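Q: Before we start, here is the structure in question, set down as structure tokens.
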Amino acid sequence: MHWVHCARTGKYTLLMVYPKRGTKAMEAMGVLPWFAGVAVHDAWAPFTRDSRAPPDNNGSERDIRMAKLRQKVSGSLRTLTGARQFCAIRTYLSTAAKYGLNFFHALVMLTENRPWMPAAV
């Protein structure tokens, strides 16, 4: 059994599966150790005093929703490899959507071996 974790900004999404929750999972994602902004977590009430923090974590919940739907429809993500692949595809599509790219076009580009990539920051 693994958990689906999400790290997101207004321009990027990262979904991954990890066997644990909490700090170990966040460290395994490889994003948050270098993060210098405001992080919002569904169990971290102190981020509610910072005006830069959104009032909810609905964006992350939207990004995870397809994984939860997949689990409900099929009963689970059957293998760890399949769960990782699912998260990689959802990461790609969610990030592409934030840049205004249509899901279908993003998938066509991916299958044609010319994946869309956001501009380097």
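Q: How many residues are touching a helix residue (DSSP H, G or I) at 6+ places or on another chain (Cβ under 7 Å), surrounded by 12 or more Cβ atoms within 10 Å (Cβ to Cβ) and either in contact (Cβ under 8 Å) with a residue 40 or more places away in the chain or on the phi > 0 side of the Ramachandran plot (or both) when one looks only at region 8-39?
A: The number of residues fulfilling the criteria is 7.
Q: Here's another thing I want to ask about it. From the list A67, A43, A53, A39, which residue is within 20 Å of T91 (Cβ to Cβ), small (G, A, S), assigned to a loop (DSSP other than H, G, I, E, B) and at pLDDT below 75?
A: The match here is A39.
Q: Quick check, is A88 assigned to a helix (DSSP H, G or I) and modelled with pLDDT of 80 or more?
A: Yes; evaluated as a whole, the condition is true for this residue.
Q: Being farther than 17 Å from Y12 by Cβ, modelled with pLDDT of 90 or more, surrounded by fewer than 17 Cβ atoms within 10 Å (Cβ to Cβ) and of a type outside the set (S, T, N, Q) is the requirement here; does V73 meet it?
A: So V73 fails the test.
Q: Does region 82-96 hold any residues that are surrounded by fewer than 16 Cβ atoms within 10 Å (Cβ to Cβ) and either in contact with a helix residue (DSSP H, G or I) (Cβ under 7 Å, 6 or more places away or on another chain) or of a type in the set (S, T, N, Q) (or both), and which are they?
A: Q85
Q: Has region 15-27 got at least one residue that is assigned to a helix (DSSP H, G or I), under 12 Å from the mean Cα position of the chain (by Cα), closer than 18 Å to E61 by Cβ and at pLDDT 85 or above?
A: Checked against the condition, which is being assigned to a helix (DSSP H, G or I), under 12 Å from the mean Cα position of the chain (by Cα), closer than 18 Å to E61 by Cβ and at pLDDT 85 or above, region 15-27 yields no hits at all.
The values are calculated or read from the model by the stated rules, or taken from the named source; none is laboratory data. Nothing here was measured: the structure is a model prediction, and the numbers come from that model. Positions of Cβ are backbone-derived with ideal geometry, glycine not excepted, and every protein chain shown enters the neighbour counts.
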